[in-house]
Structures are given as C-alpha cells and as structure tokens.
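Before I ask anything, here is the structure I am working with.
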Amino acid sequence: MNQLTGALLSLPVALWGSAAWAAEPGKADAGLNITAIVMFFIFVVVTLGITYWAASRTKSTKDFYAAGGGITGFQNGLAIAGDYMSAASFLGISAMVFAKGYDGLIYSIGFLVGWPVILFLMAEQLRNLGRYTFADIVSFRLSQVPIRTLSAMGTLCTVILYLIAQMVGAGQLIKTLFGLPYEYAVIVVGVLMVLYVAFGGMIATTWVQIIKAVLLLTGASFIALVALNHTGFNLELFFKTAMESIKTSALADHKKVVADNKDIFAPGGLVSDPVSAISLGLALMFGTAGLPHILMRFFTVPNAKEARKSVFYATGFIGYFYILTFIIGFGAVMMVAPNPQYMDTAKGVLAGGNNMAAIHLAHATGGDLFLGFISAVAFATILAVVSGLTLAGASAVSHDLFANAICGGKVNEATEMKVSKISALVIGMIAIWLGIQFEKQNVAFMVGLAFAIAASANFPILFLSIHWKGLTTRGAMIGGSLGLITTVVMVVLSKTVWVDVLGNKAPLFPYKDPAIFSMTLAFVGCWIFSKLDFSEQAKIERARFDAQQVRCEVGIGINEASKH
C-alpha cells in the first residue's frame with residue numbers, strides 16, 4: 001500500500017512536469033489545452049483513488065481475478081461495454097469511416113454480431129464451468145498442463161496485439177493533448193495501466209470500465225447530436241453535405257475518391273475482394289467469443305442468470321455506441337475534413353493522423369471545453385481496456401501457466417498474486433515497446449488482427465470443449481496450435497508487418513486478414529485429430545463430457561475449483 005501511495009503522489013507531478021516541458025518554445029508538437037489537461041488530471045486522480053480503494057479490498061485471488069464474484073448483471077454489462085468499446089472502436093472505426101466511408105461499417109457490424117454467439121452458446125456455460133480464465137473451462141475434462149499452456153499462449157498473443165492498438169491510440173491522444181513526444185505519451189499510459197492492475201486487480205478494473213462506459217456513451221452521444229444538428233437532424237442532408245465536403249477536403253484519401261470518381265457511400269473502399277471480406281467478418285464475429293479479457297468478465301458475476309443479463313445489457317450499450325461511430329465518422333467528413341485548422345494540407349493528412357478524427361470533431365462541435373472532456377474520455381477508454389487486457393495476460397501467466405501448469409495447482413494465493421503483479425509489469429513494458437514500434441498503424445486494423453488470433457486459437461477449442469463430446473486433448477492441442485501458428489505467421493507475412501513494419505518490398509501472404517484460413521485449419525485440425533485419437537486418455541476425456549454437461553446446465557459445484 002505504501003508503494004501505491006507513493007505512485008499516486010508522484011504520477012501527477014511527473015505528468016505536469018512533462019506538460020510544462022512540452023510548453024517550452026520549440027519543443028511542443030501542439031499547444032497546450034489547459035481545459036483538457038485539467039479534465040485529464042481529474043480522471044486520473046479519480047481512477048487512481050478507485051485503485052487505492054480497490055487495493056485495500058483485494059485480499060484473495062478471487063478478488064484479484066474476479067472482483068470476488070460480487071458484480072451485478074447490469075454493472076457487469078456496463079463494464080463489458082466499457083472493456084469492449086476500445087480506442088479501436090471510438091478512434092479507429094470513426095477514422096475508417098472518415099477516410100474510407102461505407103466500408104468502415106464492416107468493423108462496427110463485425111464487432112457487434114459476435115455477442116449473440118456468446119449469449120446463446122457460451123455465457124451460461126462460461127459462468128458455470130470457469131473460475132478465473134477461459135482455460136479453466138477448456139481444461140475441465142482435458143489434460144491440464146498442455147491445454148492451459150496452449151490457452152495461455154493464445155491469450156498472450158491476443159492480448160499483446162490488442163494492446164498495441166490501444167497504446168497507439170493512447171500515444172496519439174496524449175501527444176495531441178499535452179504536446180508530448182509520442183514515445184513519452186505511450187510510457188505514461190503504460191505506467192498507469194500497470195498501477196491499476198498490479199494494485200487494484202479486477203475490482204479497480206471493473207469500476208474504471210463502468211465509469212469510462214458512462215462517460216464515453218455520454219460524450220459520443222453529444223458529438224453525434226451536435227453533428228446531426230448541423231443539418232437540422234435531416235439525415236439525407238447530413239450525408240449529402242458529407243459527400244459535398246469531400247470535394248473540398250485536403251485529405252489524400254478523399255482526393256483519391258474524387259479523382260477516381262468513386263462514391264464514399266459505396267462498398268469496396270476498404271475491402272475489395274470477397275476472401276478478405278469473409279475473412280475479416282469471421283475474425284470479428286467469432287473473435288469476440290475468444291477474447292480473454294471479455295471472457296474473464298463472466299466470472300465476476302455470482303451466477304449464470306447474471307451472466308446472461310451481462311450480455312444482454314452489454315449488447316444494447318455496444319449496439320447503440322456503434323451507431324454513434326458511424327455518425328461521428330461522417331460528421332468528421334462534413335465538419336473536419338474541409339477545415340484547414342485540422343489538416344496538414346501540405347501532406348494531405350489529418351493533424352495527428354486519421355485516428356484523431358473523432359477528437360477534432362469534438363473540438364469542432366464543442367470547442368476547447370468539450371475537446372477537453374472528450375480527450376479525457378478517450379483516455380479513460382484506453383486505460384479501461386488496457387487494464388482489462390493486462391489483467392487477462394497476467395492471469396494467463398500466473399493462474400494458468402505458473403499455478404496450474406507448472407505447480408500443478410499446489411501454490412498459495414499470495415505467491416500466485418505476486419507472480420500476477422510481476423507479469424503485469426512485464427506485459428506493460430512489452431506493450432510500451434510495441435506501441436512505439438507500431439506508431440503509424442490504424443488502431444482498428446490492429447484489433448482486427450487480435451480478433452483473428454482469438455477466433456483461430458481460442459474460440460475453436462473453447463466452443464468444441466463445451467459442445468462436442470468427441471474433442472480430446474490431442475485434437476485440441478493440434479487444432480489450436482494450427483490456428484495460433486498459422487494466424488501469427490500469416491500476420492507477419494502480410495503487408496501490415498512484412499512491408500509496413502519490416503520494410504520488405506512485397507508481402508509473402510497476399511491478404512491482410514487470415515481468419516478464413518487459420519480458423520478453418522483450427523476446427524478441421526481439432527476434428528480430425530480428435531477422431532483419430534483412440535488412446536485410453538481420450539476415452540476418459542469423452543466419458544467426462546456428461547458430467548461437464550450437467551455442470552454447464554445447472555451449475556453444480558460452481559464455487560469449487562475446476563478439477564478432474
């Protein structure tokens with residue numbers, strides 16, 4: 001607690017010193033917005049206060065991983081929405097709609113339609129079978145060590161890719177707000193997220209997510225309403241004005257649309273071939289059901305009924321929010337793109353990059369005061385998500401790998417929590433480094449890659465372990481490994497990494513989104529190698545399915561450890 005108190009006292013001083021440094025002549029990338037900085041500090045102080053309060057109540061692993069299981073369905077639904085409505089959603093999707101038009105909706109729809117899959121096929125089973133991580137469910141009737149190891153690898157790959165997107169969004173936001181160099185901005189976010197997770201655990205993370213969800217829904221609603229009011233709430237005039245604004249826009253993407261005589265409201269601007277479209281759709285739809293930081297939230301409620309309520313409320317909040325991102329994206333086309341104040345006209349880019357389209361629209365609709373509010377909200381958005389991601393990654397290392405795979409479940413809670421906190425620190429350092437390396441990537445696209453891994457490595461074995469009696473450890477290991485390895489390899493060989501990051505001339509894998517290949521391989525691999533498994537261990541695992549089904553449906557033994 002003394003360490004936390006020192007961190008709370010020193011962080012605002014360090015941040016204010018950084019801001020003052022940024023204000024020196026010749027060193028700032030942008031002028032300081034004092035209103036925005038004040039609101040930023042208010043949020044940081046409040047959330048760190050919550051972390052201090054949560055740290056005093058985090059006594060056990062159940063408190064640390066699952067908030068003691070005492071979160072209601074409504075609270076958890078709001079927290080899930082807060083966890084899910086990330087920088088990729090608020091900044092990235094609105095940026096894609098702003099730059100590419102209609103096709104940006106692929107992400108909005110894809111992110112949303114995964115929730116019915118969770119609601120009808122998984123929510124109740126997750127709560128009845130698991131304790132802290134989705135590996136608890138997969139290993140319920142399969143071999144603990146190999147399955148938990150594979151699940152932890154899938155979790156860490158998903159978490160790291162997802163974290164990259166959040167760190168990029170955070171870096172650009174703080175750079176714009178404080179005038180800090182991008183690298184320092186990323187470090188600030190990394191320090192804060194480690195503090196939230198290491199000291200407050202799931203209790204602090206949950207309440208940060210709830211507060212963030214309320215603020216984000218309020219702020220996004222205001223931006224959308226003011227943008228619509230610009231044309232008298234006439235939707236036809238709203239979109240017509242946006243189309244006309246493109247003709248006077250200095251953005252290179254918009255100039256290309258005009259030069260090619262294309263319609264920004266027509267499909268094909270972002271995804272031009274059917275393989276890529278289907279692959280992206282599969283990743284977004286089924287990746288949701290494999291995201292470890294989302295799946296962890298189902299263990300914070302007391303029973304399966306509250307778990308279903310969580311999904312119901314979350315779907316409503318998230319669906320409403322994605323409608324707003326569409327309006328915000330085209331509102332930025334209408335009010336930001338033609339305004340030289342927000343553009344670097346010489347380079348044909350938006351100041352701060354396209355990811356700042358929503359932030360600039362906030363200024364256009366509400367001036368400096370609202371810019372300050374929405375900047376603080378966007379920062380809250382990022383911190384809430386990175387906290388959930390870091391906690392999921394740390395729990396995979398401490399609970400799945402260390403406590404169960406290595407120590408066989410024979411480890412005391414204090415040691416497990418210590419390992420988790422150290423893991424949070426290491427993950428934070430990795431996220432900072434990768435966030436700096438991937439500075440120029442669109443944040444929504446990076447999250448799409450994380451979804452591809454979740455859909456290919458996590459979802460197949462999780463879904464089959466719950467619903468298919470024939471799945472065996474051998475089938476799950478080979479199928480899950482195929483999904484994980486092929487996704488990572490295809491992502492590295494795609495244009496995003498092979499060309500944009502590593503500097504090669506041409507990609508070795510022609511598509512940006514690998515899910516259609518990697519997810520298929522994972523399911524086929526699980527099925528074939530389970531069918532070909534005639535070992536005694538396989539027979540025992542199939543026989544355990546009936547007992548698992550009883551627990552799935554009625555929740556007997558829900559408060560006990562998931563053991564064979």
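The values are calculated or read from the model by the stated rules, or taken from the named source; none is laboratory data. Bear in mind that the values here come from a model prediction, so they are computed numbers and not experimental data. Glycine gets a Cβ as well: all are built from the backbone with ideal geometry, and neighbour counts include every protein chain shown.
Check the range 418-434 and report whether any residue there is under 30 Å from Leu105 (Cβ atoms), assigned to a helix (DSSP H, G or I) and within 27 Å of the chain's Cα centre (by Cα).
So far as the range 418-434 goes, yes, one or more of its residues are under 30 Å from Leu105 (Cβ atoms), assigned to a helix (DSSP H, G or I) and within 27 Å of the chain's Cα centre (by Cα).
Against the condition at pLDDT 80 or above and within 18 Å of Phe90 (Cβ to Cβ), how does Ala204 come out, does it pass?
Spelling it out, it is not the case that Ala204 is at pLDDT 80 or above and within 18 Å of Phe90 (Cβ to Cβ).
Working only within the range 309-357, note down all residues that are among the β-branched types (Val, Ile, Thr), part of a helix (DSSP H, G or I) and over 30 Å from Pro116 (Cβ atoms).
Across the range 309-357, the qualifying residue is only Val333.
With a cut-off of at least 2 residues that are in contact (Cβ under 8 Å) with a residue 60 or more places away in the chain and either farther than 30 Å from Met417 by Cα or over 22 Å from the mean Cα position of the chain (by Cα) (or both), name the helices (runs of 4 or more DSSP H) lying wholly within the range 38-103.
By residue number, 61-66, 94-100.
Something else now. Would you mind listing the helices (runs of 4 or more DSSP H) fully within the range 439-541 where at least 2 residues are exposed (fewer than 15 other Cβ atoms within 10 Å of the Cβ) and of a type outside the set (S, T, N, Q)?
515-531
Taking the criterion of being charged (D, E, K, R), out of contact with any Cys (no Cβ under 8 Å at 6 or more places or on another chain) and surrounded by fewer than 24 Cβ atoms within 10 Å (Cβ to Cβ), would at least one residue in the range 354-371 satisfy it?
Within the range 354-371, one or more residues are charged (D, E, K, R), out of contact with any Cys (no Cβ under 8 Å at 6 or more places or on another chain) and surrounded by fewer than 24 Cβ atoms within 10 Å (Cβ to Cβ).
Still on this structure, please answer the following. Residues Thr133, Thr158, Thr149: which one is in contact (Cβ under 8 Å) with a residue 40 or more places away in the chain, polar (S, T, N, Q) and under 27 Å from Tyr320 (Cα atoms)?
Thr158
A further question follows. Could you check Ala396 against (1) closer than 20 Å to Ile93 by Cα; (2) surrounded by 23 or more Cβ atoms within 10 Å (Cβ to Cβ) and say which number it fails?
Here Ala396 clears every test but (1).
Let me ask something else. May I ask you to verify whether Gly268 is closer than 30 Å to Tyr65 by Cα and not hydroxyl-bearing (Ser, Thr, Tyr)?
Judged against the criteria, Gly268 is not a match.
Can you pull out every residue in the range 229-269 that is on the phi > 0 side of the Ramachandran plot and of a type in the set (A, V, I, L, M, F, W, C)?
Answer for the range 229-269, where residues must be on the phi > 0 side of the Ramachandran plot and of a type in the set (A, V, I, L, M, F, W, C): just Phe233.
Identify, by number, the condition in (1) of a type in the set (Val, Ile, Thr); (2) within 25 Å of Ala55 (Cβ to Cβ); (3) within 16 Å of the chain's Cα centre (by Cα) that Ile164 doesn't meet.
Of the numbered conditions (1) of a type in the set (Val, Ile, Thr); (2) within 25 Å of Ala55 (Cβ to Cβ); (3) within 16 Å of the chain's Cα centre (by Cα), the odd one out for Ile164 is (2).
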